[in-house]
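Trainee: Before I ask anything, let me first share the structure, which is written out below as structure tokens.
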Amino acid sequence: MDATINRARIHYERAGSGLPLVLLHAGIADVRMWEPQIGAFAHQFDVIAPEVRGFGSSELPPERWSPIADILGLIERLHLKPVHLIGCSLGAMLAIDFALEHPDRISKLVLVGPAIGGANFGTKYPEVF
């Protein structure tokens, strides 16, 4: 399925019924990484797995954009109540940021191998070996 969110075509997969469960993919993948989980979770949840702009079938317009605004836009477009949110790697980083900006939109948060910031990669460390 596709939806126009914040003037961009966002592709997402949707299956099942029940409480809303949003799956956010890793930075080396697209929505296809969740295919086994979509099938398994669809027995109990309304599973929504969007693709971040520039991944898979989602377009990447040239103007500045926010993945957090896109996630919120899709949740609002689909009229979802607070969601269970699962993110992997890049998706986990986005899930953290989304939860911090919109805590009222989250019911549960699951992070798989989160890519989180905070480290100063410019720091020189002494050689130990």
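Bear in mind that the values in this text are calculations on the coordinates, not laboratory data. From a predicted model like this one, the values you see are computed outputs, not experimental measurements. Counting neighbours? That spans all protein chains shown, and the Cβs are built from the backbone with ideal geometry, glycine included.
Trainee: When you check residue 24 against the structure, is it without any contact (Cβ under 8 Å) to a residue 24 or more places away in the chain, out of contact with any Phe, Trp or Tyr (no Cβ under 6 Å at 6 or more places or on another chain) and among the hydrophobic types (A, V, I, L, M, F, W, C), yes or no? Walk me through it before giving the result.
Mentor: Numbers: without any contact (Cβ under 8 Å) to a residue 24 or more places away in the chain: no; out of contact with any Phe, Trp or Tyr (no Cβ under 6 Å at 6 or more places or on another chain): yes; among the hydrophobic types (A, V, I, L, M, F, W, C): yes.
So residue 24 fails the test.
Trainee: Select, from 47, 31, 22, 52, the only residue that is out of contact with any strand residue (DSSP E or B) (no Cβ under 6 Å at 6 or more places or on another chain) and crowded, with 18+ Cβ neighbours inside 10 Å.
Mentor: The conditions single out 52.
Trainee: Inside the range 63-122, can you point out the residues that are β-branched (Val, Ile, Thr) and surrounded by fewer than 13 Cβ atoms within 10 Å (Cβ to Cβ)?
Mentor: In the first step, residues of the range 63-122 are kept if they are β-branched (Val, Ile, Thr); the result is 68, 71, 75, 83, 86, 96, 106, 110, 112, 116.
Residue satisfying the conditions is 116 alone.
Trainee: Which of (1) in contact with a Leu (Cβ under 8 Å, 6 or more places away or on another chain); (2) touching a residue at least 60 places away in the same chain (Cβ under 8 Å); (3) of a type in the set (S, T, N, Q) does residue 89 not meet, given it meets every other one?
Mentor: (1)
Trainee: Now a separate question. Which residue pairs have Cβ atoms closer than 6 Å, lie 6 or more positions apart in sequence or on different chains, and pair a first residue in the range 1-19 that is touching a residue at least 24 places away in the same chain (Cβ under 8 Å) with a second residue that is of a type in the set (Gly, Ala, Ser) and exposed (fewer than 14 other Cβ atoms within 10 Å of the Cβ)?
Mentor: Within 6 Å, the pairs are 6/69; 11/57.
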